[in-house]
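Reviewing the structure listed below.
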Amino acid sequence: MPDAPTDSDVHAPVTASDPIVGIDLGTTNSLVAHCTAAGPRLIAGPDGRTSLPSVVRIDPATGSPVAVGHAARDAAADHPADTIASFKRLMGRGLADVADDLDTLAYAVVEGPHDTARVKVGDHVLSPQEISAAVLAELRRRAEADLGVPVARAVITVPAYFDDAQRQATRDAGRLAGLDVRRIVNEPTAAALAYGLGERSAAPTTGPQRAGGVSLNVKVNPAACADDATGGDAPTSSPTQTIAVYDLGGGTFDVSILKLRQTDHGAVDQVLATDGDTRLGGDDLDRAMMDRIAPTPPASPADRQALRRCAEDAKIRLSTEDTAEVAVAAGGKTVRVTLTRADLDALADPLIDRTLAACTRALKNAGVTAADLDRVILVGGSTRIPRVRERVAEFFGTTPYTALNPDEVVALGAAVQGATLAGLRRDSVLLDVIPLSLGIETMGGAVAKLIVANTAIPARATERFSTYADGQTKVKIHVLQGERELVEDCRTLATFDLTGIPPMPAGLPKLVVTFLVDANGILSVQAREERSGRRAHVQVVPHHGLTRDEVAQMEADGFTHAREDMRRHRLIDLRLNARLDIRNITRQLERLGPDELEPDYRTQVEADVAAVRAFVDADDDAVDPDAFQAAMEAMDRGTLRLAEVNIAKTLKGPERGNAG
Ligand code: AMP
């Protein structure tokens, strides 16, 4: 275990008075995030939503913005020529550069001074920077309202392929919005920073390591990662990490291969290659779904619009469900179609093929192979599609990182970079050992800990479980963090369902839950039912959202409550066993007629059961676990003969197999 860091090592001055926020200025949506010692977090607007559509309506009379975000997007159909969307495509470009995009834009684009593309609304000509500034200013207002202080500094992300003019235009947009743009960060780099990649100094396999100014003797456990559930991990992070970022959004696809390295001034990136397609994304899949649902497209624009919404909705449902029912109006009648996951996969495959072709080119141009990559990260809403995840994993030969929301990861990473520039030192020490125990909920609200606090990373643990109800086809896996014994006192990291378990009697399914914390501190949890081979998987970043102080508090709570927690955990276990035993005994009693069991003995057994049931039903506070256990033992002893009589009856037949 490492020496405890001193407070001054892990607590940076939290510069809440002059924060540097992170902004993902996207083609379709923009987001703002802020990072404290507890990690990065998105900032919501007054409507509670974190994403702000990158859409601005300009008043044709004045040339000033009159609506930004949802308000502008939702009324776009009424103001097609004044509503400016996709302006990111125009940033820092000349008219000739954007010729291909013009037919998709409903507003006028004209040539401005120095061969620049400008937007024309009414008689007013505006630069894309001015339009961007309206979105940035709105994000800035949201940040100020949330943080309660003026926000004058930001980190803004741009695609890795943006050239100097496009980057400069982005800086200028920030300035127009009253923001000092402290750094322009590549979107894929931001995604990597959100995962903490390149943030900590690299750990050698064994031996002392410096982190946060403290010499740490890190025990690394390379065996833990052999044959790992996330697809293999080098024993520890190497000094320079080579990372692929696969970003599939609504309208665009990018892949970037980059190297990330830690220096005294934070992470430094080198983009080795980028590739992609500015016209490939989830929208294409929506169109393919529309054709599949209604091969003859509806004539009315309203019906077409409804069909498009239905298609996207079905696509999104099929990411988590096996089938989706669709009913849409087309050609004067209602078309009903049931789509399956296999249908979606078949429609998605040709699009995924094109993305993987770009990945092949990018790897080649970067001069690396998939095996050289330390990590693959998924960004963009369309990477929620299971088929995309599957095929990307297969292509790169590793399970990609999906722990963070693919729509948010870039903004979160920009905030991490902002915090570093503001002088906030993250609790990097937390990443060398697992700071708080990790476990799952078991029946009755108790926590089974799979990995205990202070285990060196990487680490791996497996636990076997079964079902509690007959015919149970679904198991909810609730992943928790904390030192306490009960679910209500721990912190939820994730929940997910393992579905499709064939119906079997309780206790028969073999559930195996595997926890793996890799060298970057990312937790991946896999649940598998061994008889059927069904699996489900989730990833989380356990260290997000907690400060070092909170970790210390949770540790201390574990000690303070140890005795009471043990008592409650024991009661949960006793109750579970008691319920199973009572069910069993009741079945045995029901099976035997009056001539098969003496009435006095039956009465005695029933009294023993009633005594145990009283403990099961009593309030926690009123129960003495020792007395409970004694009653259970008395019931067990008292029913030995009942079990013998039942076995004898079974052996005699004829109703073989019905014993409980
Ligand atoms: P982005 O441009 O990154 O915001 O991604 C938006 C795209 O992601 C749209 O095409 C959405 O339909 C798609 N998308 C969002 N969530 C899901 C999901 N659960 N399954 C499939 N596609 C999704």
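No value in this document is a laboratory result; all are computed from the given coordinates. Nothing here was measured: the structure is a model prediction, and the numbers come from that model. Methodologically, a virtual Cβ is constructed for each residue, glycine included, from the backbone with ideal geometry; neighbour enumeration extends over all protein chains shown.
Taking each pair of different alpha-carbon atoms in the chain once, compute 1/r for the pair, average those values, and report the inverse of that mean as the Kirkwood hydrodynamic radius in Å to one decimal.
Numbers: mean 1/r = 0.0354 Å⁻¹.
Across the chain, the inverse of the average 1/r is 28.3 Å.
Could you tell me how far the Cα centroid of region 454-498 sits from the Cα centroid of region 110-126, in Å?
First find each Cα centre; the distance between them is then 57 Å.
With unit charges on the beta carbon (Lys/Arg positive, Asp/Glu negative), name the residue among Ala329, Gly507, Tyr601 whose Cα is farthest towards the positive pole of the charge dipole of the chain.
Looking along the dipole axis, the top candidate is Ala329.
For the peptides 454-462, 294-302, what is the packing order when you average, over each peptide's residues, the other Cβ atoms within 10 Å and list the highest mean first?
Numbers: 454-462: 19.8, 294-302: 12.2.
Top of the packing list down: 454-462, 294-302.
What percent does the relative contact order of region 389-532 come to when contacts are Cα pairs within less than 8 Å and at least six residues apart? Could the numbers behind the result be given before it?
Numbers: 245 pairs, mean separation 29.1, N = 144.
20 percent.
Enumerate the amide H contacts of Ala329 below 5 Å, restricted to partners 5 or more residues apart or on another chain; note that Pro and chain-start residues carry no placed amide H.
HN-HN under 5 Å from Ala329: Val335.
Over region 63-121, what is the mean sequence separation of C-alpha contacts under 8 Å (at least six apart), divided by residue count, expressed as relative contact order in percent? Don't jump to the answer; show the numbers that get you there.
Details: 56 pairs, mean separation 18.2, N = 59.
Contact order relative to length: 31 percent.
Can you tell me the 0 to 90 degree angle between the C-alpha axis of helix 341-366 and the longest principal axis of the chain, rounded to 10?
60
Short version: ³J(HN,Hα) in whole Hz for each residue of region 143-148, in order, from phi by Karplus 6.51 cos²θ - 1.76 cosθ + 1.60 (θ = phi - 60°), x for Gly and Pro, what are they?
3J(HN,Hα) across region 143-148, in whole Hz: 5, 5, 5, 6, 8, x.
Taking 24 Å as the cut-off for C-alpha to C-alpha distance, list the pairs among Lys474/Lys649; Lys88/Lys364; Lys449/Lys474; Lys474/Lys510; Lys259/Lys364; Lys510/Lys652 that go past it. Walk me through the numbers on the way to the answer.
Values: Lys474/Lys649 35 Å; Lys88/Lys364 28 Å; Lys449/Lys474 22 Å; Lys474/Lys510 13 Å; Lys259/Lys364 15 Å; Lys510/Lys652 32 Å.
The pairs that break the limit, which is 24 Å between Cα atoms, are Lys474/Lys649; Lys88/Lys364; Lys510/Lys652.
Kindly put Cys35, Cys310 in sequence by how many other C-beta atoms sit within 10 Å of each C-beta, fewest to most. Walk me through the numbers before you get to the answer.
Numbers: Cys35 28, Cys310 22.
So the residues, fewest neighbours to most, are Cys310, Cys35.
Sort 393-402, 485-494 by the packing proxy (mean of other Cβ within 10 Å over each peptide's residues), most packed first. Working shown, then result.
On the way: 393-402: 19.7, 485-494: 18.1.
Listed from highest to lowest mean packing, they are 393-402, 485-494.
Calculate for the chain the 222 nm mean residue ellipticity that helices alone would give, adding -39,500 (n - 2.57) per DSSP H run of length 4 or more and normalising by residue count, nearest 500 deg cm²/dmol.
On the way: 16 runs with 222 residues, N = 660.
After summing the helix terms and dividing by the residues of the chain, the value is -11000 deg cm²/dmol.
Classify region 46-88: rounded, prolate or oblate, from the alpha-carbon gyration tensor (a ≥ b ≥ c, eigenvalue square roots; a/c under 1.5 rounded; otherwise prolate if a/b is larger than b/c)?
Details: a/c = 1.86, a/b = 1.73, b/c = 1.08.
Verdict is prolate for region 46-88.
Convex hull over the alpha-carbon atoms of region 267-355: what's its volume per residue in Å³?
Working: hull volume 11.6 nm³, N = 89.
Given the Cα convex hull of region 267-355, per-residue volume reads 130 Å³.
Taking amide H positions as placed in the peptide plane 1.01 Å from N, state which residues far from Leu597 in sequence (5 or more) or on other chains have amide H under 5 Å from it.
Here the answer is none, since no amide H 5 or more places off falls under 5 Å of that of Leu597.
Taking H as built 1.01 Å from N, whose amide H comes closer than 5 Å to the amide H of Asn454, not counting residues under 5 places away?
Under 5 Å from the amide H of Asn454 lie the amide H atoms of Ile434, Leu436, each far enough along the sequence or on another chain.
Explain nothing, just compute: Karplus ³J(HN,Hα) = 6.51 cos²θ - 1.76 cosθ + 1.60, θ = phi - 60°, for every residue of region 119-130 in order, whole Hz, x for Gly and Pro.
Per-residue couplings from phi come out as 9, 10, 10, x, 9, 9, 10, 10, 7, x, 4, 5 Hz.
For the chain, calculate the relative contact order in percent as a whole number, restricting contacts to Cα pairs under 8 Å that are 6 or more residues apart.
Details: 1326 pairs, mean separation 88.1, N = 660.
Reported relative contact order: 13 percent.
Could you list Ile184, Ile572 in order of exposure, starting from the residue whose Cβ has the fewest other Cβ atoms within 10 Å?
Numbers: Ile184 17, Ile572 20.
Least to most surrounded, the residues fall as Ile184, Ile572.
Please list 330-336, 504-510 highest first by mean number of surrounding beta-carbon atoms within 10 Å per residue.
Details: 330-336: 12.1, 504-510: 15.3.
The most tightly packed comes first, giving 504-510, 330-336.
So how strong a dipole does region 20-126 carry about its Cα centre when Lys and Arg Cβ are +1 and Asp and Glu Cβ are -1, to the nearest 20 debye?
Details: 9 positive and 13 negative charges, 86 e Å.
It comes to approximately 420 debye.
For each of Val245, Val433, count neighbouring Cβ atoms within 10 Å of the residue's Cβ, then give the residues from fewest to most. All intermediate terms of the calculation are to be shown ahead of the outcome.
Details: Val245 29, Val433 19.
Ranked by crowding around the Cβ, least crowded first: Val433, Val245.
Could you check the simple spin-label distance between Arg535 and Leu640, using points 7 Å along Cα→Cβ, in nm with one decimal?
Distance between the two pseudo-spin positions: 4.7 nm.
What are the ³J(HN,Hα) couplings of region 299-316, residue after residue, when phi is run through the Karplus curve with 6.51, -1.76, 1.60 and θ = phi - 60°? Round to Hz, x for glycine and proline.
Per residue, the Karplus-derived 3J(HN,Hα) values read 6, 7, x, 5, 5, 5, 4, 5, 4, 4, 5, 4, 5, 5, 4, 5, 4, 5 Hz.
When the Cα centres of region 144-177 and region 275-334 are compared, how far apart do they sit, in Å?
Distance between centres, Cα-based: 35 Å.
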